[in-house]
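Please read the structure below before turning to the comments.
The values are calculated or read from the model by the stated rules, or taken from the named source; none is laboratory data. Please read these numbers as outputs of a predicted model, since none were measured by experiment. With ideal geometry, Cβ positions are generated from the backbone for all residues, glycine too; neighbour counts draw on all protein chains shown. Protein only, heavy atoms only, side chains kept; ligands, DNA and RNA dropped before computing areas. Shrake-Rupley method; radii C 1.70, N 1.55, O 1.52, S 1.80 Å.
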Amino acid sequence: MQKPVDINFDSIEVISDPFPFYEEIRAAGRVVRNDLLGVWMVPGYHDVLSVLHDPTRYSNALYGAVSDLNVLDGARIMINADPPEHTPLRKVAYQAFRRSSVAKLEGTIRQVVDRLLDDASVRERLASGQEVDVMEAFCRPVPATVIALL
């Protein structure tokens, strides 16, 4: 049995340079266990297609359920649902993410970004020419907020 590749994709080390971790996963095999997250990782494009199109053999049902991080705490959401339960959830999400639906939120999205830019710590760092961690300041909160609004 191959050794698990336990990677926390939210760690600062991985976020700052994910490519060595991706290579570690690819080097470990076509199907790689991540005990930390309680998931199997499939790094190859064609293997991913096979997994995505065969929910009878490959299930998302336990995603997050056995993780030390316990991120979902048993919640049934689209990311850990298989067809047929996944299908109506996907239809709702599809409607929310259509171009016209997102376009209607443009003003709200601008307000979210403006609020983040007005954050005192971000504003001070930008004004003084210091670096700002874009992932923490924008790339996480903007989509999370917009998805919550949707």
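Residues of the stretch 125-150 being open to solvent by less than 60 Å² (accessible area, probe 1.4 Å) and more than 25 Å from Ala96 (Cβ to Cβ), which ones?
Val132
Take the residues of the stretch 87-124 that are acidic (Asp, Glu) and part of a helix (DSSP H, G or I): which is surrounded by the most Cβ atoms within 10 Å (Cβ to Cβ)?
Initially, the stretch 87-124 is screened for residues acidic (Asp, Glu), giving 106, 114, 118-119, 124.
Filter again for part of a helix (DSSP H, G or I), leaving 106, 114, 118, 124.
Values: Glu106: 9, Asp114: 9, Asp118: 9, Glu124: 11.
Checked the stretch 87-124; the qualifying residue surrounded by the most Cβ atoms within 10 Å (Cβ to Cβ) is Glu124.
Would you say Ser67 is modelled with pLDDT under 75, among the polar types (S, T, N, Q) and part of a loop (DSSP other than H, G, I, E, B)?
Details: modelled with pLDDT under 75: yes; among the polar types (S, T, N, Q): yes; part of a loop (DSSP other than H, G, I, E, B): yes.
It is true that Ser67 is modelled with pLDDT under 75, among the polar types (S, T, N, Q) and part of a loop (DSSP other than H, G, I, E, B).
Have a look at Leu72, Leu62 and point out the one that is open to solvent by 60 Å² or more (accessible area, probe 1.4 Å) and modelled with pLDDT under 85. Walk me through how you get there before you give the answer.
Values: Leu72 fails: open to solvent by 60 Å² or more (accessible area, probe 1.4 Å).
Answer to the check: Leu62.
Considering the stretch 3-36 alone, what residues qualify as being surrounded by 11 or more Cβ atoms within 10 Å (Cβ to Cβ) and either in contact (Cβ under 8 Å) with a residue 40 or more places away in the chain or aromatic (Phe, Trp, Tyr) (or both)?
Listed by number, the residues that qualify are Asn8, Phe9, Ile15, Phe21, Tyr22.
Give the residues of the stretch 16-42 that are assigned to a helix (DSSP H, G or I) and not β-branched (Val, Ile, Thr), sorted by residue number. If you could, list the steps in order and put the result at the bottom.
In the first step, residues of the stretch 16-42 are kept if they are assigned to a helix (DSSP H, G or I); the result is 16, 19-28.
Across the stretch 16-42, the qualifying residues are Ser16, Phe19, Pro20, Phe21, Tyr22, Glu23, Glu24, Arg26, Ala27, Ala28.
Could you please let me know if Pro84 is modelled with pLDDT of 85 or more and either under 25 Å from Asn8 (Cβ atoms) or part of a helix (DSSP H, G or I) (or both)?
Working: modelled with pLDDT of 85 or more: yes; either under 25 Å from Asn8 (Cβ atoms) or part of a helix (DSSP H, G or I) (or both): no.
So Pro84 does not fit the description; no.
Run Val51 past the list (1) within 20 Å of Ile79 (Cβ to Cβ); (2) loosely packed, with under 13 Cβ neighbours inside 10 Å and report the number of the one that doesn't hold.
Tallying (1) within 20 Å of Ile79 (Cβ to Cβ); (2) loosely packed, with under 13 Cβ neighbours inside 10 Å, Val51 fails exactly one: (2).
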